[in-house]
Amino acid sequence: MRALMKPFVRAVFLLWGSALVALAQIASVSPLASERAAAEAAPGNWIVAEGRATSALQAGFPATAAVICREILADQALPAAARPRVQQALLTALLDAGDLAAAEKEFAAYDGPKDSPYRLRAGLLAANARRVAAAKTELSEVNAGDLPAADRGWWHFLQAQIADFDGDVPRATAQYEQAVQAAVSEQQRARFTLGQAQTLLRGGTPGESELAVLRRNMETFAGQRLGFDSARFYAAGLAKLGRQSEAIATLDRQLLIVPPTERNVADQMRLLIGLIAGETNPAARRAFRELVRTGLRPETQRTALYALARGTRTPAEREQLRRDLTELIGGVQLHPIIEDLLLVRAQAGLQDRRFNEAEQDARLLLDRFPGSPLKAAALGVRLAVAWEARLYRTAADLSTQLRAALPAGRERSELGVLLAEAFFRSGDFKNAADAYDAALREAPQVVPPGRLIFQRVLSDVRANRLGEAAKLLDEMAGNAAFDTESRWQAEWNLVREMQNHGRAADAMARLERLPGGAANPAVPDELRIRLLWLRAKLSFDNGQPAAAAQQADELLGRLPGAQIDAALGAEVAGTTQLLKAQALLDLGRDAEAAALLEKLRAEHRNAKVAVYSFIVQAARQAQRGELAAAQKTLVDLADSNPRSEYAPFALYEAALYAERQGLDANLRYAYERLDDLVRKYPADDLVFYALLKQGDLLRKLNDFGPARLVYENLINNRGQHPDVLLAQMGLAATLFAQGANNPGNYEAAGALYERIRDLPTAPTDLRVEAGYLWGYTQARRGQPQGARAIHWGVVDAFLLDAAKAAQLGATGRYWISRTLLELGQLLEDAGQLDEAQRAYQLVIDHDLGGVAQARARLDRFRTPPEAKP
């Protein structure tokens with residue numbers, strides 16, 4: 001309701017001096033006008049979130065990925081077809097985070113298909129839990145051809161783990177190598193490399209004699225390659241026996257004697273320290289940090305980096321990680337894995353909602369390394385940041401870039417849906433319609449085609465391409481993929497938009513020719529109720545109150561048996577009673593309408609519709625000329641419902657009704673009601689207009705000094721208000737009225753009018769009025785020549801200029817007519833009769849208001865004078 005009021009209030013004030021028409025006559029209260037039946041947004045949120053989860057998992061933040069997956073699964077917009085995929089992503093994240101208990105719980109709750117991706121994860125879980133027989137059983141159920149590319153490396157990895165358990169080293173080594181080769185990203189490759197390194201910690205528990213041999217070799221060949229290898233196997237054996245602290249201490253001592261020429265040996269020892277201690281252990285984090293800093297091989301540094309990120313769980317640890325990464329990124333020499341460092345820091349920023357930092361790092365990666373294999377991941381970070389910041393135009397551009405960086409497939413097709421939704425949310429409905437059309441051709445599996453068709457139609461509706469929307473709806477009516485609910489929701493939005501564009505007759509015609517109309521049994525109850533309400537409202541808007549009343553009764557009769565939400569049922573019942581009351585008033589059945597309004601207020605006490613019914617009643621009273629009664633009805637509304645959103649409007653409207661009664665006492669009463677509005681509702685949008693109206697009332701009371709203060713305060717304190725020029729117009733009128741006492745006020749008034757006329761950003765109609773009043777001011781100051789020049793300037797700029805003339809509204813055309821008639825009179829007074837006649841002829845030629853007056857004046861020139869006797 002208030003959304004309808006704001007533009008109308010401004011439009012009415014642009015009438016510059018006309019009486020304010022009762023807003024109650026054009027506004028409507030409806031639960032159905034609130035877009036509740038409008039678009040169910042395409043699944044942009046969960047598509048972006050799934051991308052974030054995937055990126056977080058690849059960047060080494062599996063715990064974060066698990067959190068995001070759980071949020072996606074809680075999203076009601078998540079299609080059923082996508083749910084198993086997200087559940088499997090959650091299982092992957094939990095396994096990668098080492099949270100086996102949570103993974104077991106999620107497997108137990110999994111209700112999706114037991115397909116190959118599911119079997120693969122079940123096998124990985126069994127292998128991590130050392131249930132070898134179960135891992136083999138699950139592996140045997142996996143069909144590698146059914147696995148997506150991102151899962152194939154894990155298939156080899158599971159085979160390598162099982163070979164490890166069987167003690168088949170050659171087979172395990174071969175499978176680990178194939179896993180590394182099948183990796184779809186550097187991040188996944190590093191994960192497999194780390195898993196291969198963990199082979200040392202798997203297998204059987206060594207005996208004391210075996211440990212003794214390893215220790216003896218470590219000591220005998222200290223400082224040599226054989227001694228270092230023996231130390232690694234000895235430490236691994238200690239770890240298998242549960243003696244992790246002793247194992248780490250052994251490796252730390254060995255690191256002290258590794259020569260600088262054996263950097264790779266030191267790297268392998270630090271990697272083993274991290275694996276023995278566990279990724280979240282401080283000792284592991286120190287080892288991984290040093291590997292990232294000084295590792296010999298980029299692949300080892302990359303493996304350590306993602307292990308370090310994976311073990312980062314707390315905000316303090318992430319802050320330390322950011323500091324470490326910042327130091328490495330800002331080093332004098334370019335770090336060998338600088339792209340990975342930037343991506344991990346971007347992901348850490350995204351995780352902590354430090355969106356500016358995440359955006360900067362992702363953009364830096366893309367700008368410095370445009371051909372990076374991490375390009376898609378960096379674009380994903382930027383897309384997530386843009387979506388979170390609701391920068392949907394930017395999100396659309398990034399979706400396009402990301403689609404170009406991806407091969408054809410599921411992710412690419414879903415990004416097509418995201419692209420369309422980004423355009424839609426940015427308000428670019430034309431491009432949204434085209435993007436939805438393209439998405440329909442790609443047919444993403446998880447988004448029902450009916451929903452995409454609906455969004456395509458809605459985009460055309462929002463783009464004011466109602467003809468295209470209607471044509472598409474007609475074409476798709478026989479499409480089996482266009483489900484009934486989506487079809488009827490689309491029809492609802494199209495018909496509503498037709499109504500909003502003043503095409504109530506077209507809207508009713510379309511509604512009536514729908515198959516089965518609102519009685520179609522395939523239409524869900526909630527949508528049927530909406531359509532029935534809309535039919536009654538359209539009948540009322542089309543000037544058919546009898547039909548509206550009858551249809552309102554039909555709707556009220558259907559409500560008790562409808563399967564709809566109770567709150568919506570109560571809302572519809574109230575608005576339908578109000579609509580029927582309005583129809584009865586139009587039929588002149590005031591007594592019935594009054595009884596229905598009383599019933600409405602009793603049954604829906606304190607509801608918006610009950611409060612609004614007073615505004616309807618007041619409008620009817622005013623229509624009958626009962627202005628005092630209408631005024632009282634509205635004041636009673638404000639007094640009895642001071643917290644209602646309609647209370648400020650009721651006070652404003654009551655003041656207008658008092659003003660229309662014309663006596664000084666009425667004007668003062670109106671001033672007081674506006675004062676109540678300003679005092680009780682200082683933050684309301686109507687306060688500006690209430691103060692403006694107070695200035696007008698003071699001028700009518702000839703209290704020009706206080707009126708001037710009101711206008712000056714508005715200009716000085718509310719100078720950013722979009723209608724502040726109205727206050728300047730009021731101030732100019734006040735100054736002109738005070739000109740008799742101080743001729744300088746005439747000059748000040750003229751300067752204000754001149755400024756507004758020449759202001760390019762001012763509304764065209766207002767500029768024309770200001771130009772007329774500026775010339776009028778000059779004429780009354782005894783400067784007719786200047787007045788003629790000003791009036792002609794207005795005509796030349798705003799009427800004879802075709803582009804400006806096209807911008808004139810009814811108000812501007814009125815003031816142009818006044819200007820020409822005044823100009824003609826001034827020219828007559830100056831004896832320039834030919835030019836005066838041309839001025840009057842322009843009124844006729846442009847079919848302006850005042851044509852009859854212009855003709856009468858022209859006739860005076862064309863009628864010969866009577867002959868003297």
Crossing angle, helix 647-661 versus the chain [Cα axis fit, 0-90 degrees, rounded to tens] = 10
Convex hull of Cα atoms in the range 154-275, direction-averaged projection (nm²) | 7.8
Please tell me the relative contact order of the chain in percent, rounded to the nearest whole number, where contacts are Cα pairs under 8 Å and at least six residues apart.
-> 7
Of K430/K471; K608/K632; K537/K632; K580/K608; K599/K632; K537/K608, which ones are farther than 22 Å apart at the Cα?
-> K537/K632
Calculated P(r) of the range 274-327 - Cα pairs past 14 Å, % = 46
Hey, what's the Cα Rg ratio for the range 262-372 versus the globular rule of thumb, 2.2 N^0.38 Å?
-> 1.05
Which one of G831, G112, A854 has its Cα pushed farthest toward the positive end of the charge dipole of the chain, where Lys and Arg give +1 and Asp and Glu give -1 at the Cβ?
-> G112
Anchor K804: lysines whose Cα lies under 27 Å away (excluding residues fewer than 8 positions away in-chain) = K6
Given a cut-off of 50 Å, what percent of all Cα-Cα pairs of the chain lie beyond it?
-> 45
To the nearest µm²/s, what D does Stokes-Einstein give for the range 633-737 at 20 °C and 1.002 mPa s, using the Kirkwood radius over alpha carbon pairs as Rh?
-> 155
Hey, what number do you get for the chain at 222 nm if only DSSP H runs of n ≥ 4 count, each worth -39500 (n - 2.57), divided across all residues, to the nearest 500?
-> -23500 deg cm²/dmol
Computed over the range 547-669, the convex hull of the Cα set has an average projected area, in nm², of 8.0
How much accessible surface does F540 have with a 1.4 Å probe, in Å² rounded to 10?
-> 40
Considering only protein heavy atoms, with the full assembly of protein chains and a 1.4 angstrom probe, order R253, R410, R232 by accessible area, largest first.
-> R253, R410, R232
Can you give the Rg to Rh ratio of the range 171-232, both from alpha-carbon atoms, with Rh computed by the Kirkwood formula?
-> 1.14
Normalised alpha carbon radius of gyration of the range 122-201 [divisor 2.2 N^0.38 Å] = 1.00
If every Lys and Arg gets +1 and every Asp and Glu gets -1 at its Cβ, then about the Cα centre the range 713-796 yields a dipole, in debye to the nearest 20, of 160
Give the peptides 288-294, 421-427, 109-115, 597-603 in descending order of average Cβ contacts within 10 Å, highest first.
-> 421-427, 288-294, 597-603, 109-115
So, with +1 on the Cβ of K and R and -1 on the Cβ of D and E, and no other charges, what is the size of the charge dipole of the chain about its Cα centre, to the nearest 20 debye?
-> 860
Of I257, G695, Q623, whose Cα points farthest to the positive end of the dipole of the chain (charges on the beta-carbon: +1 Lys, Arg; -1 Asp, Glu; origin at the Cα centre)?
-> I257
Taking the Cα centre of the range 218-353 as the origin, how large is its charge dipole in debye, to the nearest 20, when only Lys and Arg (+1) and Asp and Glu (-1) carry charge on their Cβ atoms?
-> 220
Divide, for the range 727-787, the radius of gyration over alpha carbons by 2.2 N^0.38 Å, where N is the residue count.
-> 1.04
Excluding residues on the same chain fewer than 8 positions from K105, give the lysines whose Cα lies under 22 Å from its Cα.
-> K114, K136
Of all accessible heavy-atom area on the chain, the percent that carbon and sulfur account for (1.4 Å) | 50
Which sequence of Y652, Y776 reflects their accessible areas, 1.4 Å probe, from the largest down?
-> Y776, Y652
How much area per residue is accessible in the chain when the probe is 1.4 Å and only protein heavy atoms are counted (Å²)?
-> 44
Please calculate the 1.4 Å probe accessible area of W492, with all protein chains present, and give it to the nearest 10 Å².
-> 10
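The values are calculated or read from the model by the stated rules, or taken from the named source; none is laboratory data. Owing to the predicted nature of the structure, the values given are computational and were not obtained by experimental measurement. As a convention, Cβ positions derive from the backbone with ideal geometry for all residues, glycine included, and neighbour counts pool all protein chains shown. SASA here: full protein model, heavy atoms, side chains in, ligands and nucleic acids out. Shrake-Rupley method; radii C 1.70, N 1.55, O 1.52, S 1.80 Å.
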